[in-house]
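Notes follow the structure.
The values are calculated or read from the model by the stated rules, or taken from the named source; none is laboratory data. It should be emphasised that the depicted structure is a prediction, and the values quoted were computed from it without experimental measurement. Cβ: placed from backbone, ideal geometry, glycine included. Neighbour counts: every protein chain shown. SASA here: full protein model, heavy atoms, side chains in, ligands and nucleic acids out. Shrake-Rupley method; radii C 1.70, N 1.55, O 1.52, S 1.80 Å.
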Amino acid sequence: MASAARVDLDGNPIKAMTICMIGAGGFIGSHLCEKLMAETPHKVLAVDVYNDKIKHLLEPASLPWAGRIQFHRINIKNDSRLEGLIKMADLTINLAAICTPADYNTRPLDTIYSNFIDALPVVKYCSENNKRLIHFSTCEVYGKTIGSFLPKDSPMRQDPAYFILKEDASPCIFGSIEKQRWSYACAKQLIERLVYAEGAENGLEFTIVRPFNWIGPRMDFIPGIDGPSEGVPRVLACFSNNLLRGEPLKLVDGGQSQRTFVYIKDAIEAVLLMIENPARANGHIFNVGNPNNEVTVRQLAEMMTEVYSKVSGEPALEVPTIDISSKEFYGEGYDDSDKRIPDMTIINTQLGWNPKTSLWDLLESTLTYQHRTYAEAIKQAISKPVASS
Ligand SMILES: NC(=O)c1ccc[n+]([C@@H]2O[C@H](COP(=O)([O-])OP(=O)(O)OC[C@H]3O[C@@H](n4cnc5c(N)ncnc54)[C@H](O)[C@@H]3O)[C@@H](O)[C@H]2O)c1
Ligand SMILES: O=c1ccn([C@@H]2O[C@H](COP(=O)(O)OP(=O)(O)O[C@H]3OC[C@@H](O)[C@H](O)[C@H]3O)[C@@H](O)[C@H]2O)c(=O)[nH]1
């Protein structure tokens, strides 16, 4: 519960604030709302087009935080109420975005509009009304590593200087324009540059967050259960869906790409530190990830198979994975980040934050949640007789 004696990293008392959270009904937003309700006295004006993932925080009215969270069903593309909410708040957090890779090359216009054009008024209202902004960008702004352009057998590939991603030093390296996968990264990069320029020229107080594959409960959807049957969510939900249905996990282009995964609950701690320590967070871009949790996608699939078997009590499949080409899985124009290891110096120095949870542990709690939430519904969906034509 909220305690009166909460202090920031410099020992100053933290004043209760009002936060306008755009995209509050999504994966990250739902965890952030939960944390703010359970552990702080802050108020949240939760803006989204959906609220299924935060319903448990909105009802019933007897919840201990009732009155501190208000849901506003608003599409920020076209709703004049947005500026009023930003004006009412001390801080705006913008999470709204199309952020599933399957959309980047197949719906590039929607992706660019969502990540750049729709975010413009948010930046403008914050700047004009002297309101602080925490904007969610992505680790995808780094694109590919410098090392990926070196010959395969070059010893320099082992040198961290060629692959560690550093906020104030690494370049942003994307593929050609036909590789529409980069529509998202490019739109996010441009909105970062705009936010940064508003800070430099007009004094906007901002923080930019670059999440490195945050995963956990409530991420995306399970196709055919709480999302479209043909939909393609991010890898955690794709692999969860395969495991729940007892089918092999699909490895795009052999599953050679590498990722670092961080537990959503660790990452939310970092965001709370940014919210409550403006003097340390303003003007900074922060990588938020777990450099110790690096795996290839193939290793992730193998680990998830093992963990799922443990938490569900079901035997692992004899052939747990199959290879699929990116063209077949995502369509024309897909490309990939080869490797993503965050440099942690800036977040460490400014906020003293470090991730705690190992990949095994975070998969264990997440797959326990997936099994409890979906296994029965999947069983019913599979056993339903197909309608005769
Ligand atoms: N989860 C990650 O690992 C990760 C990694 C990198 C970047 N990010 C960034 O973090 C942010 C949040 O990601 P997430 O994983 O919670 O995604 P999410 O899709 O679960 O959440 C985004 C939310 O924004 C809402 N939204 C989108 N467009 C809107 C609009 N026009 N008006 C109102 N609401 C709208 C959606 O309904 C959704 O609830 C995004 O900006 C994303 O690019 C996330
Ligand atoms: O079923 C699948 C799904 C995905 N994959 C692969 O798994 C890797 C990770 O895929 P994800 O769906 O998590 O997406 P990515 O890590 O590429 O990008 C994500 O990270 C940064 C965020 O901004 C976005 O949420 C998203 O762009 C990719 O190499 C992808 O090709 C599979 O091999 N099989």
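Structure above, values below:
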{"read-out": "Unmet requirement for residue 382, which otherwise passes all of (1) over 24 Å from residue 243 (Cβ atoms); (2) at pLDDT below 95", "value": "(1)"}
{"read-out": "Matching residues, segment 250-276, being in a loop (DSSP other than H, G, I, E, B) and either within 30 Å of residue 90 (Cβ to Cβ) or open to solvent by 20 Å² or more (accessible area, probe 1.4 Å) (or both)", "value": "256, 257"}
{"read-out": "Failed item in (1) within 16 Å of ligand 2 (Cβ to nearest atom); (2) under 20 Å from the mean Cα position of the chain (by Cα), with residue 332 passing the rest", "value": "(2)"}
{"read-out": "Sole exception among (1) outside any helix (DSSP H, G or I); (2) over 22 Å from residue 114 (Cα atoms) for residue 208, by number", "value": "(2)"}
{"read-out": "Looking only at segment 173-184, and only at residues there that are touching a Phe, Trp or Tyr at 6+ places or on another chain (Cβ under 6 Å) and not aromatic (Phe, Trp, Tyr), the one that is nearest to ligand 1 (Cβ to nearest atom)", "value": "183"}
{"read-out": "Conditions (1) in a helix (DSSP H, G or I); (2) open to solvent by 20 Å² or more (accessible area, probe 1.4 Å); (3) closer than 22 Å to residue 134 by Cβ: number failed by residue 168", "value": "(1)"}
{"read-out": "Residue list for segment 174-205, restricted to those being assigned to a loop (DSSP other than H, G, I, E, B) and of a type in the set (Lys, Arg)", "value": "179"}
{"read-out": "Output for segment 198-249, where each listed residue is touching a strand residue (DSSP E or B) at 6+ places or on another chain (Cβ under 9 Å), surrounded by fewer than 19 Cβ atoms within 10 Å (Cβ to Cβ) and among the basic types (Lys, Arg)", "value": "234"}
{"read-out": "Residue in segment 359-374 that is nearest to residue 149 (Cα to Cα), counting only those that are loosely packed, with under 14 Cβ neighbours inside 10 Å and touching a residue at least 12 places away in the same chain (Cβ under 8 Å)", "value": "360"}
{"read-out": "Yes/no for residue 105 being crowded, with 16+ Cβ neighbours inside 10 Å, within 17 Å of the chain's Cα centre (by Cα) and not aliphatic (A, V, I, L, M)", "value": "no"}
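So that you can scan it fast, the table gives a plain yes or no per residue for (1) more than 21 Å from the chain's Cα centre (by Cα); (2) of a type in the set (A, V, I, L, M, F, W, C); (3) open to solvent by 70 Å² or more (accessible area, probe 1.4 Å); (4) closer than 22 Å to residue 15 by Cβ:
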residue	(1), (2), (3), (4)
45	no, yes, no, yes
48	no, no, no, no
60	yes, no, yes, no
66	yes, yes, no, yes
69	yes, yes, no, yes
76	no, yes, no, no
80	yes, no, yes, no
85	yes, yes, no, yes
91	no, yes, no, yes
